[in-house]
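The values are calculated or read from the model by the stated rules, or taken from the named source; none is laboratory data. Keep in mind that what you see is a predicted model, and the values were worked out from it rather than measured. Please note: Cβ atoms are built from the backbone with ideal geometry, for glycine as well, and neighbour counts cover all protein chains shown. Only protein heavy atoms, including side chains, enter the accessible area calculation; ligands, DNA and RNA are left aside. Shrake-Rupley method; radii C 1.70, N 1.55, O 1.52, S 1.80 Å.
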Amino acid sequence: MRESTIMKIHYGTALAAVALVAVHILMRLTMGYAESLEYENVLANYKFVPYAIMLELILVLLAVHGFNGLRVILLELKQGRLYEKAVSYGCLVAMIGLIAYGSRTIIMTNMGMV
Amino acid sequence: MVDSIEFDLIICGSGLAGLRAAIAAAKKGPHLKIGVVSKVQVMRSHSVSAEGGTAAVLFEDEGDTIESHVYDTVKGSDFLADQDVAERLCVEMPQEIHQLDHWGMPWSRRDDGRIDQRNFGGYSFPRATYASDKVGFFEMQTLYDTCQKFDNIEYLNEWFVTSIIHDGKRFMGVTAIELGSGTFYTIKGKALIIATGGAGRLYSFSTYALSSTPDGLDMGLRAGMALKDMEFVQFHPTGILPSGILITEGARGEGGYLLNNKGERFMKTYAAGKMELAPRDIVSRSIMTEIQEGRGFKHETGVDCMKLDLRHLGDEKIKEKLGGIREISIKFSGQDPAKDLLDIRPVCHYMMGGLHTDIDGATEIQGVWAAGEAACNSVHGSNRLGANSTSECIVWGKITGELAIDYIQKNESTNPWPHHLVAAEEKRIYDGIFRGNGDVNPYEIRQQLTDTMNEKAYVYKNETNLIEGLKTIRDLKKQTWKHVDDKAKEYNTNFANVMELDSMFRVAEIVLLGAINRKESRGAHSRTDYPKRDDANFLHHTLAYYDPNEPIMKTHPVTITKYQPVERKY
Amino acid sequence: MAQVSSISNEQSPTAKSVTLKISRYNPEHDESSQFMEFPVKYDQLSTFLEAILDVKKHFDHSVAVRYSCRQATCGSCGMIINGKPRLACFTKISELDSNVITVEPMNNFPVIRDLAVKFEKLFDTHQKIKPYLIRDDTELVSDEKEFLQTPEEVEQYIQFANCIKCGLCNSACPTMATDSSFVGPQALAQAYRYVADSRDKGKDSRLKIIDDSHGIWRCHFAGSCSQVCPKGVDPAMGIQLLRGYMLGFRS
Amino acid sequence: MPNDEHREGIGGMINPRRYGIERVAYLLMRLSGLGLLAYFIGHIYETSNILRGQVGWDDFMELISGTEGHIVMSIVIAMCVFHTVNGVRVMLGHGGVGVGKPARPDYPYDPASQNYRHKIGIYSAIVLAAVAMMYGLAVMFGE
């Protein structure tokens, strides 16, 4: 992928994530911070499909943004063909892994498999 | 065995002339290998410090003519210029300006989008093409950047060329030291263009870069070429104190005044028609006369000076058109031209003389050309007009670049490589200089040499001073300064400095001898004991050839085509 | 000082004294760099280049330093003075207000010896971004005239054309500090200089060159390049404006 | 990382003292980005506890609702706010917004891109981050 495409994605995911994370945090404040974290309330969140979809989106956006950011930092720290390949693929794999792991939580909770 | 590399064309020097030659050659001979060899990094040459403008006739539709440019140049030269050469310059120049524009030169523009021109000393039409007041810098950048298009140009950054190798008639190569590693090399080539610039560091008060020493001229001299007209050293009227950095003639072209301690624009006494925009030799002499007659100022360093007044131009105009000298005067002198009067004094600025060449820039050795300030094709005669030097570099850069390629394509060298000459050169440098065991500080010697030149061969000269100067320099030469304390090979600037000093002695001697022999006043050469021009005896060029004992001085006729010498009045 | 002593008194009454700690290192012979101390006299206008040349003249001929024009136009004498990249000829000792001043070679450039560094990489990257007008008619064939350009159009790029290739920006850049493949602010600013020139038609080809994993995107707008530029070039601005084209903010 | 290339290395990259506030912002942006990524990974992991049912969730809640948890959380809030606000600033800058217009530079040079707009952006990112942190602490400890 061209670096400019990657960076456009980087910026795009950032902007979208800012909006969605804001909603996510506001939810913690609607009923009081501690209360919002009680088991039933959290579970209710997950079961509410639109909210679950939002969580999934945040997960993807932040994973993409975060691991790309990490890739950028690592690429700037050290160079070399092998190292750069390892960093790029490493970050991609970590990103997919994290998304998969997070999605598992969201999907299973949403479908009541707790 | 000495390491060796090979090019088709070697260009020694990376200023305007060198880079222009490189482009011309690279275009004409796309399959030939061109090496630009420079003592500094290519693009750091002193041409970057040219400020005011490049002369060319661009506005024929508004009344300018080539003929007027030719006549101004010849008259400015005090009729010592070869007139066919001057004509060549003026004819070739307009399209060079446009060529530079096509390569990306950021010329200053008029509102209609055309290239702007400003007034300059000695011209009868404003024809100094400018780019703010950093003309040389932008031209260098344009040429350097354009060079990057060609993959047949190679750059040898920081290679000190020490001698020219030839078989008595034809060029074969050069010897050089790569300063970075300290390795001694031979560079074989079929043709050479010498574009090493002037030698203004012979004077301690100088606008020149610290690297502008005469090693290029000396190299030609030692190879058997003549130095021509070296007694003509231009003193620019406005070098700022205390550094001697140039304040461009453009400052006066834009309307600046020169003031004496009575607050008068004293130029009205000396050149009422042109005032501050008289040619440089006249303005410099006027300043020195004013000082000698007690109408000068004392600078805090104890030197006499005069004032340059730009305040009436206003801050905005100064920033727009003279931003470079504004920076220089604020930074290096603590004076803001919009508020303060600048302390100025005539300063060594240009050498009209150089390696003797014909109208094409060809030297006396087959396959060697010279271009730019290093060459003396006699376009400037005894006094150069402002803005004509960058023009000269560009025009003869192009001419010599193309001619050298023609020559390479027609000639095939078959002579055996003269190993003994390389061995002799290696011995001269390493046994004679590097391993010399002197005990005198060469930097002190250099200081004394340049101070002597400043004192004894300044704007006004006379027999007594010149002979004293020559004696001092010959005495200095005999001292034991030929040694290098720094024994490392890598990036040994001490070594380079002592080699530079070695060349300064030979060329300084020629400058002084030429000045002693020329018993007249003409252009920049002004003798108080012979205040008049003497066309009967001295309407000729001076040539100086190398000899281990004393330079051999000869003369050479001036080419006069249309304009007979008349009295020079402005 | 050194260069004008014929007309200025070296022992002028206003002269003050400062200790220069100059980094000495010859990679061919030395394990590591070492500081050597030299006392130098200076006055209000003395520059570091003058001071170093004074050291060379009076104390130690072997100090390796690159210099030429001494008026901040040739770009030779970039070095780290008291921790920051500066041009030696364009920094006055009196500006720093310090009694002991360290002088080191520029960072992010391989050291040749003492204060002199290798520039090959800077020259190479400069060449890579095609620093010349790209269009079919750059070579004059007959007596063509200039390409018209208004003063306003010149204003669009003239700032960036002031680059003297001294390398201070590359030395200050945080990305350059660790990334040996980064194009660097010098070359990127020059890419902008030509893209912004109304005579140029090579925008797309240049944008393509710098759109690379070690290209323009490795600039994070820390601005150190612009803060050290001795010529007011402001590479950071050029880079952001150039990136504006790539992000579609500008056309 | 002293080496043949004489690179300044990580020390030079992160040293925020020699240059302006822009360089500090550059450093904080990196650190907060890395911090947030670490938190994000942790967050994904911790929330997966919900799959262990009420017991698992409550065990985990105990872990994070202590003082230390709150402090960590408040730092995360600060990082998040700084990274967001500064990120928006940088993104605008990268697009060429607010970086000044090319113009003939006049000595003494004052780079237009290092202008008050972006400095305000940086300072407000820092201030907002601090405010958000206080607010977060107030909310968390307030209950």
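Values computed for the structure shown
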{"item": "Per-residue average of Cβ from other chains inside 10 Å of D:80-91", "result": "3"}
{"item": "Helix axis angle, B:463-478 relative to chain B longest principal axis, alpha carbon, degrees", "result": "30"}
{"item": "Partners for residue B:33 among aspartates and glutamates (Cα-Cα distance below 13 Å; same-chain residues under 8 apart left out)", "result": "B:6, B:8, B:151, B:154"}
{"item": "Shielded residues, the stretch D:2-24 - accessible-area loss of 40 Å² or more between chain alone and all protein chains, probe 1.4 Å", "result": "D:5, D:6, D:7, D:8, D:13, D:18, D:19, D:23"}
{"item": "Protein heavy-atom accessible area occluded, D/B pair - total, 1.4 Å probe, Å²", "result": "600"}
{"item": "D (Stokes-Einstein, µm²/s), Kirkwood Cα radius, the stretch B:32-174, 1.002 mPa s at 20 °C", "result": "123"}
{"item": "The stretch C:2-117: projected area of the alpha-carbon convex hull, averaged over directions, in nm²", "result": "7.1"}
{"item": "Heavy-atom accessible area per residue - the stretch C:2-117, 1.4 Å, Å²", "result": "36"}
{"item": "Charge dipole (debye, nearest 20) of chain B; +1 at Cβ of Lys and Arg, -1 at Cβ of Asp and Glu", "result": "700"}
{"item": "Taking N as its residue count, the alpha carbon Rg of the stretch B:370-485 over 2.2 N^0.38 Å", "result": "1.55"}
{"item": "Degrees separating the helix B:442-456 axis from the principal Cα axis of chain B, which is the longest one", "result": "40"}
{"item": "Area accessible to solvent at residue A:42, 1.4 Å probe radius, in Å²", "result": "10"}
{"item": "Residue B:304 long-range amide H proximity, modeled H, under 5 Å", "result": "B:299"}
{"item": "Heavy-atom accessible area per residue - chain B, 1.4 Å, Å²", "result": "30"}
{"item": "Pair-distance profile P(r), taking every C-alpha pair of the stretch C:159-251, with 10 angstrom steps and integer %", "result": "18, 54, 27, 1"}
{"item": "Carbon plus sulfur fraction of accessible area for chain B, probe 1.4 Å, in percent", "result": "49"}
{"item": "Chains C and B together, accessible area buried on both sides, 1.4 angstrom probe, square angstrom", "result": "6500"}
{"item": "Length-normalised contact order of the stretch D:12-143 in % [C-alpha pairs under 8 Å, at least 6 apart]", "result": "31"}
{"item": "Kyte-Doolittle mean at least -0.5, axial Cα span of 20 Å or more - DSSP H helices of chain A", "result": "A:3-30, A:49-77, A:81-110"}
{"item": "Projected-area average for chain B over all orientations - Cα convex hull basis, square nanometres", "result": "24.5"}
{"item": "Phi to ³J(HN,Hα) by Karplus 6.51 cos²θ - 1.76 cosθ + 1.60 over the stretch D:7-15, Hz, x for Gly, Pro", "result": "5, 6, x, 4, x, x, 4, 8, 4"}
{"item": "Surface share of carbon and sulfur [accessible, 1.4 angstrom probe, percent] for the stretch C:146-222", "result": "51"}
{"item": "P(r), alpha carbons of the stretch B:313-359 - 5 Å bins starting at zero, rounded %", "result": "5, 18, 20, 17, 10, 7, 8, 8, 6, 1"}
{"item": "12 Å beta-carbon shell around residue B:236, net charge (K/R +1, D/E -1)", "result": "+1"}
{"item": "Length-normalised contact order of chain B in % [C-alpha pairs under 8 Å, at least 6 apart]", "result": "22"}
{"item": "Overall Cα dimensions of the stretch A:3-110, principal axis frame, Å, largest first", "result": "51, 25, 22"}
{"item": "Fraction of accessible area attributable to carbon and sulfur, the stretch A:3-110 (%, probe 1.4 Å)", "result": "77"}
{"item": "Out-of-range pairs (alpha-carbon distance over 24 Å; input B:274/B:298; B:482/B:519; B:75/B:268; B:149/C:201; A:8/C:231)", "result": "B:274/B:298; B:482/B:519; A:8/C:231"}
{"item": "Accessible surface of residue A:111 - all protein chains present, 1.4 Å probe, nearest 10 Å²", "result": "130"}
{"item": "Evaluated at q = 0.07, 0.11, 0.14 Å⁻¹: base-10 log I(q)/I(0), Debye formula over Cα of chain C", "result": "-0.30, -0.67, -0.94"}
{"item": "Probe 1.4 Å, protein heavy atoms only - accessible area per residue of the stretch A:3-110 in square angstrom", "result": "48"}
{"item": "Residue D:127 - accessible surface, heavy atoms, 1.4 Å probe, Å² rounded to 10", "result": "80"}
{"item": "Charge dipole (debye, nearest 20) of the protein assembly as shown; +1 at Cβ of Lys and Arg, -1 at Cβ of Asp and Glu", "result": "480"}
{"item": "Compactness index (Cα Rg / 2.2 N^0.38 Å), the stretch B:218-318", "result": "1.30"}
{"item": "By accessible area with a 1.4 Å probe, ligands and nucleic acids excluded, highest first: order of B:439, B:8", "result": "B:439, B:8"}
{"item": "Filter on B:478/C:118; B:307/D:101; B:188/B:410 - keep pairs with C-alpha separation over 27 Å", "result": "B:478/C:118; B:307/D:101"}
{"item": "Whole-number D in µm² s⁻¹ for chain D, Kirkwood Cα-pair radius fed into Stokes-Einstein, 10 °C, 1.306 mPa s", "result": "88"}
{"item": "Alpha carbon convex hull of the protein assembly as shown, projected area averaged over orientations, nm²", "result": "45.5"}
